[in-house]
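Here is the structure we will look at.
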Amino acid sequence: MSAATPERREAKARILVVDDDPDQVLLLKTGLEASGYGVVPCSSGAAALDVLQLGPIDCVVTDVLMDGMTGIELCERIAGAFPDLPVIVVTTSNRLETAIAAIRVAAYD
């Protein structure tokens, strides 16, 4: 590689991070980018669906509890439109029902 051609480090994958809490988005974004991933932040399920129409995303990480569309609803919509796209649903809830609901709508197990 010549000195005139700077080395470009490609991201491992593009991850769509969806949460209506900007602090959580920043936390996930910072950690994922430090590990070499490209991150596309979104503050709502509706915005996430719009982003998915624009270009390639390799994985979605979404919170469960959000205003408007929940993470479970988002996961269900993604599974219908993009069946091969893995979705990871995160939550601070320790309710087993939440985990079961996420897996039922195709969240990554």
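The values are calculated or read from the model by the stated rules, or taken from the named source; none is laboratory data. Bear in mind the structure is a predicted one, so any value in this text is a computation, not a measurement. Cβ coordinates were reconstructed from backbone atoms using ideal geometry, including for glycine residues, and neighbour counts include every protein chain displayed. In case anyone asks, the SASA skips ligands and DNA or RNA and just uses the protein heavy atoms, side chains included. Shrake-Rupley method; radii C 1.70, N 1.55, O 1.52, S 1.80 Å.
Condition test on Gly31, is it surrounded by fewer than 16 Cβ atoms within 10 Å (Cβ to Cβ) and modelled with pLDDT of 95 or more?
yes
Among the residues of segment 41-77, which ones are open to solvent by 20 Å² or more (accessible area, probe 1.4 Å), in a helix (DSSP H, G or I) and not basic (Lys, Arg)?
Across segment 41-77, the qualifying residues are Ala46, Ala47, Leu49, Asp50, Val51, Gln53, Leu54, Ile72, Glu73, Glu76.
Output the residue which, of all residues in segment 12-24 that are over 10 Å from the mean Cα position of the chain (by Cα) and of a type outside the set (Asp, Glu), is least open to solvent (accessible area, probe 1.4 Å).
Narrowing segment 12-24 to residues over 10 Å from the mean Cα position of the chain (by Cα): 12-13, 20-24.
If we keep only those that are of a type outside the set (Asp, Glu) too, we end up with 12-13, 22, 24.
Values: Lys12: 139, Ala13: 21, Pro22: 95, Gln24: 78 Å².
Among them, the one singled out is Ala13.
This table checks each residue for (1) farther than 21 Å from Val39 by Cα; (2) at pLDDT below 90.
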| residue | (1), (2) |
| --- | --- |
| Val64 | no, yes |
| Asp67 | yes, no |
| Ile72 | no, yes |
| Glu76 | yes, no |
| Phe82 | no, no |
| Pro86 | no, no |
| Val90 | no, yes |
| Thr98 | yes, yes |
| Ile103 | yes, yes |
